[in-house]
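Structure, as structure tokens:
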């Protein structure tokens with residue numbers, strides 16, 4: 001009976017320690033040491049730049065884009081960071097995409113912009129849509145991502 005209790009206790013300890021790690025989707029970056037989601041929700045070019053700086057600095061710090069999983073979610077007024085027209089951050093975003101950073105945009109925000117203005121903004125290539133940006137961010141946090149809001 002003691003042996004069975006010991007086994008159950010060991011299973012509990014192992015699951016307690018590894019469950020948060022296992023909750024993160026490790027398919028894309030199986031060697032990542034950290035999982036980060038950066039929130040962009042303000043119409044502030046300084047915050048756009050800070051988000052891109054943080055992403056770049058983390059890749060440099062870990063000496064490889066494979067050792068850090070970075071996602072950027074833009075919603076609300078922050079979606080302007082991804083507008084294709086005259087975007088001063090296009091080259092930086094393209095470079096980060098090439099280094100494995102994933103950029104997401106809230107489709108609900110784009111839908112509202114289209115209803116209000118009659119046209120949908122054209123976004124940079126490589127930006128992926130998620131229906132509800134905040135819900136997506138919450139799911140990522142629950143799966144093990146660390147939330148950063150520059």
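FYI, it's all coordinate maths here, none of it is from the lab. Predicted model only: the values in this text are computed from it and were never measured. Here the Cβ is made from the backbone with ideal geometry for all residues, glycine too, and neighbour counts use every protein chain on show.
Descriptive notes on the structure:
- Gain in span if fully extended, residue 146 to residue 31, counting 0.36 nm per residue against the direct Cα distance: 39.7 nm
- Fully extended contour minus Cα-Cα distance, from residue 86 to residue 54, at 0.36 nm per residue: 9.3 nm
- Ranked list, fewest to most other Cβ atoms within 10 Å of each Cβ, for 102, 29, 119: 119, 102, 29
- With both labels modelled 7 Å from their Cα along Cα-to-Cβ, the residue 97 to residue 135 distance reads 2.5 nm.
- Extension gain, residue 122 to residue 64: 0.36 nm times the residue separation minus the Cα-Cα distance gives 17.8 nm.
- The Cα-based radius of gyration of the range 23-148, divided by its Kirkwood radius, gives an Rg/Rh of 0.96.
- Equivalent ellipsoid semi-axes, the range 92-150, via Cα gyration tensor eigenvalues times 5, rooted, Å: 23, 17, 8
- Considering only the range 23-148, percent of DSSP beta bridges that pair antiparallel, nearest 5: 5 percent
- Burial ordering of 55, 64, fewest other beta-carbon atoms within 10 Å first: 64, 55
- For 61, 34, order by how many other beta-carbon atoms lie within 10 Å, fewest first: 61, 34
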